[in-house]
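**Q** One structure is given below, represented as structure tokens, and several questions about it will come after.
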Amino acid sequence: MGYIVGQITATDRDPGVNGIVSYYLTGGNDNSTFSIDSTLGVITIAKPLDYEQQRRYDLIMLARDSAPIPQQTQQNFTVMVTDANDNPPVFYRDTYTTFISEGAVIGSTVIEQINASDADRGSNAVVQYYISGGNGSSTFLIDQFTGVFTSCIEAELQRCDCLHADSAGC
Ligand SMILES: [Ca+2]
Ligand SMILES: [Ca+2]
Ligand SMILES: [Ca+2]
């Protein structure tokens with residue numbers, strides 16, 4: 001807030017008070033998000049911007065002289081809001097619980113898929129998945145991109161320290 005978005009200037013050829021210009025924001029200023037210095041024409045942010053709420057503002061500016069019967073001119077000023085990475089990924093479910101037989105085949109899917117969404121845009125919204133704890137002996141793997149859980153698959157045995165003592169290579 002207080003960040004300068006831009007400045008508008010207008011000239012008026014009349015001398016004296018008839019040529020002193022003041023600036024006003026007369027339209028498109030949704031939720032009073034912007035303010036303008038009426039003397040300098042400097043436009044600043046008055047309320048926090050939120051790309052996820054509003055991406056564009058079509059402001060209408062007015063330059064008016066100070067004559068008793070003033071003259072004025074209107075100008076459009078478009079503000080495009082760009083995305084910042086201000087949202088974390090959110091899982092679709094609070095918890096995931098699954099039951100797996102101790103005789104399950106290595107490489108079988110444990111949970112169909114875990115999924116999270118991210119309200120940002122572009123690379124700010126690309127979600128990758130990791131197991132960050134509770135996976136002692138690297139019993140499980142997660143596909144970083146799809147979120148699919150599996151028990152250790154045979155091709156990964158060299159980097160999986162499998163719990164199954166009877167599994168080849170472990
Ligand atoms: Ca936001
Ligand atoms: Ca994000
Ligand atoms: Ca954002």
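The values are calculated or read from the model by the stated rules, or taken from the named source; none is laboratory data. Note that the structure is a prediction, hence the values are computed from the model and not measured. No Cβ is skipped: glycine too gets one built from the backbone with ideal geometry, and neighbour counts run over all protein chains shown.
**Q** Could you check the stretch 117-170 and list, in sequence order, the residues that are in contact with a helix residue (DSSP H, G or I) (Cβ under 9 Å, 6 or more places away or on another chain) and at pLDDT 85 or above?
**A** Within the stretch 117-170, S117, D118, A119, I131, L141 meet the criteria.
**Q** With the requirement that a residue be part of a loop (DSSP other than H, G, I, E, B) and among the aromatic types (F, W, Y), what does the stretch 80-123 give you? Steps first, answer last, please.
**A** Initially, the stretch 80-123 is screened for residues part of a loop (DSSP other than H, G, I, E, B), giving 81-89, 92-108, 110-115, 118-121.
Hits for the stretch 80-123 are Y92, Y96, F99.
**Q** Those residues that are loosely packed, with under 15 Cβ neighbours inside 10 Å and either of a type in the set (D, E) or assigned to a loop (DSSP other than H, G, I, E, B) (or both), I need them from the stretch 124-147; list them, please. Spell out the reasoning first.
**A** The initial filter retains those residues of the stretch 124-147 that are loosely packed, with under 15 Cβ neighbours inside 10 Å, namely 124-126, 128, 130-138, 143-146.
V126, Q128, Y130, I131, S132, G133, G134, N135, D143, Q144, F145, T146, listed by residue number.
Residue by residue, here is whether (1) closer than 30 Å to T39 by Cα; (2) away from ligand 1 (no atom under 16 Å from the Cβ) holds:
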{"residue": "I60", "(1), (2)": "yes, yes"}
{"residue": "P70", "(1), (2)": "yes, yes"}
{"residue": "T73", "(1), (2)": "yes, yes"}
{"residue": "N87", "(1), (2)": "no, no"}
{"residue": "Y96", "(1), (2)": "no, yes"}
{"residue": "S108", "(1), (2)": "no, yes"}
{"residue": "L141", "(1), (2)": "no, yes"}
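**Q** On to the next question. Of all residues in the stretch 87-104, how many are within 15 Å of V127 (Cα to Cα) and either away from ligand 2 (no atom under 16 Å from the Cβ) or surrounded by 12 or more Cβ atoms within 10 Å (Cβ to Cβ) (or both)? Write out each step before concluding.
**A** Let us first name the residues in the stretch 87-104 that are within 15 Å of V127 (Cα to Cα), namely 87-92.
Filter once more, keeping what is either away from ligand 2 (no atom under 16 Å from the Cβ) or surrounded by 12 or more Cβ atoms within 10 Å (Cβ to Cβ) (or both): 87, 89, 91.
Qualifying residue count for the region: 3.
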